[in-house]
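Asks: Encoded as structure tokens, here's the structure I'll be asking about.
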Amino acid sequence: MRTVFTPLHALHAPATEFFRGERVPCFEKVDRARYVHEALVARGHRVDAPEVDSRPVLPQVHGERYLAFLESAWARWLALDPANAERQPFPSTWPIRTLRADREPSEFSAQLGVYSMDNGTPICAGTWDAAKAGADAAATAARWVSQGERAAFVATRPPGHHAGPDFMGGYCFLNNAAVAAQALRNAGAARVAVLDVDYHHGNGTQAIFYERADVQFVSLHGDPRTEFPFFLGHADEVGAGAGQGFNLNLPLPAGALADAWFDALAAGMARIRAFGAEALVVSLGLDTFEHDPISKFKLSSDDFLRLGERVASLDLPTVFVLEGGYAVEALGQNAVNVLDGFESA
Ligand code: OKP
Ligand code: ZN
């Protein structure tokens, strides 16, 4: 399969995130993409650098103010204090109920609260450049597929599916899957489906397309009553306005086994067929793996071959976009298993 990868992902390398009140090394680490890249090469997949600038697509899925904030965030953090070069920014206040989100403060750490959904999405000096390179990679794969490739894989980090119209969260900054879906639309696909198989609900992707009839969002994930992102991903979220009926959430209890997961996949795929999608984006989280350190589904490495086979049966031009997956040493094999399963079908 044609795949797109850039070493620029390594520019995003924050040191720590919060876990049970303590700072711990980030789960979403540089090595993830290294393992995926190594596995792609080892198993004979063609790897190219990004060759499309995602800039024209970004404002179609994110707000310009958010984009400007994200691009300038590190410079503004440094401007507060040169010693901040050695520190990670952290939001000071979140504009929740009763606070005025319509009056944006000028203070940096307060703005970081405006544009963040959680306390777990650290920024460092290279975050924008890495995230932008990832979005460029997604736009590149979408171009290849719209020009006739059967499928392409975006081997990128940081992930994207929690990043919404105007916020970062869940290790995500720019929504690579949304960029790919929008780029496929721009290239002429009338209807695009996004199938999100990451363990965590893709709240950002859902929010971006919630009122649109041209992009369907279908997600299998851990039930948000107990699993991140907690505040979205319920089965009663079906889309709104023109988008009503084009959003499908299939939450499963934490601990769900592979059989239940594949039943939900079949239900999601039936809806994609009924939608009449002309192209498909798969938000490919591999954190459904039985040994993932932060997730609670039980898929085996062989199950990822099956996943690829099943997705191929939709018979659609397909862009796979890497999302989560934190059992780092198995991540490359698991990702490539999906691609090989797809190509074998
Ligand atoms: C991103 B993706 C632990 C908090 C966990 C949320 C998980 C984000 C998952 N400090 N942070 O969907 O794999
Ligand atoms: Zn995840």
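Asks: May I ask what percent, to the nearest 5, of DSSP beta bridges between residues of the chain are antiparallel? Please list the in-between numbers first.
Replies: On the way: 6 of 39 bridges.
Among the beta bridges of the chain, antiparallel pairing accounts for roughly 15 percent.
Asks: Which one, 168, 229, 194, is farthest towards the positive end of the dipole of region 165-250 when Lys and Arg carry +1 and Asp and Glu -1 on their Cβ?
Replies: 194
Asks: Please state the shape class of region 248-298: rounded when a/c is under 1.5, otherwise prolate if a/b exceeds b/c and oblate if not, all from the C-alpha gyration tensor. Working shown, then result.
Replies: Working: a/c = 2.98, a/b = 1.84, b/c = 1.62.
It is prolate, given that a/c is not under 1.5 and a/b is the larger ratio.
Asks: Who wins for biggest fluctuation among 331, 232, 174 in a Gaussian network model of the chain, springs between alpha carbons below 10 Å?
Replies: 232
Asks: Something else now. Considering only 138, 183, 83, give the residue with the highest GNM mean-square fluctuation for the chain, with springs between Cα atoms whenever their separation is below 10 Å.
Replies: Highest fluctuation among the options: 83.
Asks: Further question: Identify which of 60, 216, 206 has the largest mean-square fluctuation in a Gaussian network model of the chain, with springs joining Cα atoms closer than 10 Å.
Replies: Most flexible of the set in this elastic network: 60.
Asks: Give me the distance in nm between label points sitting 7 Å out from Cα along the Cα-to-Cβ direction at residue 87 and residue 49, one decimal.
Replies: Taking the two extended label points, one gets 3.6 nm.
Asks: Per 0.36 nm of contour for each residue apart, how much would the distance between residue 71 and residue 150 grow if the chain were fully extended, relative to their Cα-Cα spacing? Walk me through the numbers before you get to the answer.
Replies: Details: separation 79, 0.36 × 79 = 28.44 nm, distance 3.35 nm.
Full extension of this stretch gives 25.1 nm more.
Asks: Projected onto the charge dipole of the chain (+1 at Lys/Arg Cβ, -1 at Asp/Glu Cβ, origin at the Cα centre), which of 203, 239, 262 gives the Cα projection farthest towards the positive end?
Replies: The listed residue farthest towards the positive side: 239.
Asks: Need the full-extension length gain, residue 103 to residue 226, defined as separation in residues times 0.36 nm minus the C-alpha distance. One decimal, nm. Mind dumping the intermediate values first?
Replies: Values: separation 123, 0.36 × 123 = 44.28 nm, distance 3.25 nm.
This chain segment gains 41.0 nm when fully extended.
Asks: Region 147-180 to region 206-270: how many Å between their Cα centroids?
Replies: After rounding, the separation between the Cα centres reads 17 Å.
Asks: I would also like to ask the following. Decide, for region 209-345, between rounded, prolate and oblate: order the square roots of the alpha carbon gyration tensor eigenvalues as a ≥ b ≥ c, take rounded if a/c falls under 1.5, and otherwise choose prolate if a/b is larger than b/c, else oblate.
Replies: The shape class here is oblate.
Asks: Additional query: Using the alpha-carbon atoms, what tilt in degrees (0 to 90, nearest 10) does helix 301-312 show relative to the longest principal axis of the chain?
Replies: Its long axis makes an angle of about 70 degrees.
Asks: Write down the percent of antiparallel bridges among all DSSP beta bridges whose residues are both part of region 149-266, to the nearest 5.
Replies: Details: 2 of 13 bridges.
Roughly 15 percent of the DSSP beta bridges within region 149-266 come out antiparallel.
Asks: Now a separate question. Would you mind checking the tilt of helix 30-42 against the longest principal axis of the Cα atoms of the chain, expressed as 0 to 90 degrees and rounded to 10?
Replies: The answer is roughly 30 degrees.
Asks: Report the trypsin sites (Lys or Arg not before Pro) located in region 133-237 that are in a DSSP loop and have at most 12 other Cβ atoms inside 10 Å of their Cβ, or state none.
Replies: Details: sites: 143, 150, 185, 191, 212, 225; in loops: 150, 191, 212, 225.
In loop regions of region 133-237 (DSSP not H, G, I, E or B), the sparsely surrounded trypsin sites (Lys or Arg not before Pro) are 225.
Asks: A further question on this structure: Would you work out which of 110, 68, 95 lies farthest towards the positive end of the dipole of region 49-112? Charges go on Cβ: Lys and Arg +1, Asp and Glu -1.
Replies: Working it through, the farthest residue towards the positive pole turns out to be 95.
Asks: Cα to Cα, under 21 Å, and not fewer than 8 places away if on the same chain: which lysines meet these conditions relative to residue 29?
Replies: Result set, ordered by chain and number: 132, 296.
Asks: What does the C-alpha gyration tensor say about the overall shape of the chain? Classify as rounded when a/c is under 1.5, otherwise prolate if a/b is larger than b/c, or oblate.
Replies: Details: a/c = 1.42, a/b = 1.33, b/c = 1.07.
It is rounded, given that a/c, with a ≥ b ≥ c, falls under 1.5.
Asks: I've got another one for you. Counting only other residues whose beta carbon sits under 11 Å from that of residue 69, what net charge do I get with K and R as +1, D and E as -1? Before the final figure, lay out each step's value.
Replies: Numbers: positive: 65, 76; negative: 64, 71, 104, 166.
Residues near residue 69 contribute -2 overall.
Asks: At a threshold of 8 angstrom on Cα-Cα distance, excluding pairs fewer than six apart, so keeping six or more, what relative contact order does the chain reach in percent?
Replies: Details: 783 pairs, mean separation 65.0, N = 345.
Once divided by the residue count of the chain, the mean separation gives 19 percent.
Laboratory data are not the source of any read-out in this text; all were calculated from the coordinates shown. All figures in this text were calculated on a predicted structure; none of them were measured in a lab. Heads up, the Cβs are rebuilt from the backbone with ideal geometry, glycines too, and the neighbour counts pull from every protein chain shown.
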